[in-house]
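A quick write-up on the structure given underneath.
The values are calculated or read from the model by the stated rules, or taken from the named source; none is laboratory data. Remember, it's a predicted structure, so these values are computed and weren't measured experimentally. All Cβ positions, glycine included, derive from the backbone under ideal geometry; neighbour counts span all protein chains shown. The accessibility values were calculated without ligands, DNA or RNA, using every heavy atom of the protein model including side chains. Shrake-Rupley method; radii C 1.70, N 1.55, O 1.52, S 1.80 Å.
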Amino acid sequence: MGAEPGTLETPRGIATDSSGFVYVVDSGNARILKLNPYGILVRAWGGPGEGHGRFRNPWGICVGPKNRIYVADRDNDRIQKFDEDGAFIRAWGSAGNDDGEFYGPVALSADPHGRIYVVEFDNHRIQVFDSEGTWCDAWGSFGSDDGEFHNPRGIAVGPDDIVYVTDQDNDRVQMFDPTGMFLGTWGRPGAGPGEFKQPCGVAVSPNGTLYVADSHNHRIQKF
């Protein structure tokens, strides 16, 4: 724990690029760390603030086409985009509930076509953008019915373009097609197989295997 090079304080997000480099959201230090595949620090960027390349409580991170890095800058209510060396490219978003606005962006995922899917924890919805930040679509609202969310937390897009969302306080995972059409759900409160207590992170392997961080059960589940 700390702010020295190579140390972390409250790391929240992690992603890898096509060359095997690892990007870590060091949330407590308001920065991004880039590590080589052996865990050696290559560079860091960021710091507390509201300007370009600065962060306030960053959470999620993903790598899109051309190894572009996207960061969910939660308390600045925006997404920031960087190249693989940390050079700022652009930012979009502001606080609010309208299209392209955010209230608590916490996670994001890129699909093979370059679309960026953003989870809004406090607006209980998913927003979709192209790789340049142009708004494309949104779905979800507060609730427990199919397609509704209660504090969604994680997102991943599979090789078949299926979108998986961990619906934290509904203790379930929901599935959608790329247009937001509801496809299915599973999970309920509990500690048994397929049950959850506040699922948060989710990842999909190239063969479609799904891994869910079942946070309050202190385990990973594989589907």
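Highest-first packing order for the peptide set 127-137, 102-112, 42-52, 170-180 is 102-112, 170-180, 127-137, 42-52, based on the mean count of other beta carbon atoms within 10 Å. Around the amide H of residue 31, modelled in the peptide plane, lie the amide H atoms of 26, 47, all under 5 Å away and 5 or more residues distant in sequence or on another chain. Entry for the range 66-137 at q = 0.12, 0.25, 0.26 Å⁻¹: log10 I(q)/I(0) = -0.26, -1.15, -1.23, Debye formula applied to identical alpha-carbon scatterers, no solvent contribution.
Between residue 130 and residue 18, full extension at 0.36 nm per residue minus the direct alpha carbon distance yields a gain of 38.3 nm. Expressed per residue, the C-alpha convex hull volume of the chain stands at 112 Å³. At an R0 of 22 angstrom, the distance between the Cβ atoms of residue 95 and residue 216 translates into a FRET efficiency of 0.15.
When the charge dipole of the range 12-144 is built from unit charges on Cβ atoms (+1 for Lys and Arg, -1 for Asp and Glu) and taken about the Cα centre, the candidate among 118, 45, 71 whose Cα reaches farthest toward its positive end is 45. Taken per residue, the accessible surface of the chain reaches 44 Å², heavy atoms only and a 1.4 Å probe.
Only Lys, Arg, Asp and Glu carry charge here, each on its Cβ (+1 for the first two, -1 for the last two); on that basis the range 79-223 has a dipole of about 560 debye about its Cα centre.
With R₀ set to 45 Å, the beta-carbon distance separating residue 183 from residue 40 gives a calculated FRET efficiency near 0.65. Can you give the FRET efficiency for residue 169 and residue 4, using 1/(1 + (r/R0)^6), R0 = 30 Å, r = Cβ-Cβ distance, to the nearest 0.05? Between residue 169 and residue 4 the formula returns 0.25.
Counted residue by residue at 0.36 nm each, then reduced by the alpha carbon distance between them, the extension gain from residue 191 to residue 137 reaches 16.0 nm. Working note: Cα gyration tensor of the range 1-123, eigenvalues times five, square-rooted, sorted largest first, giving semi-axes of 22, 17, 12 Å.
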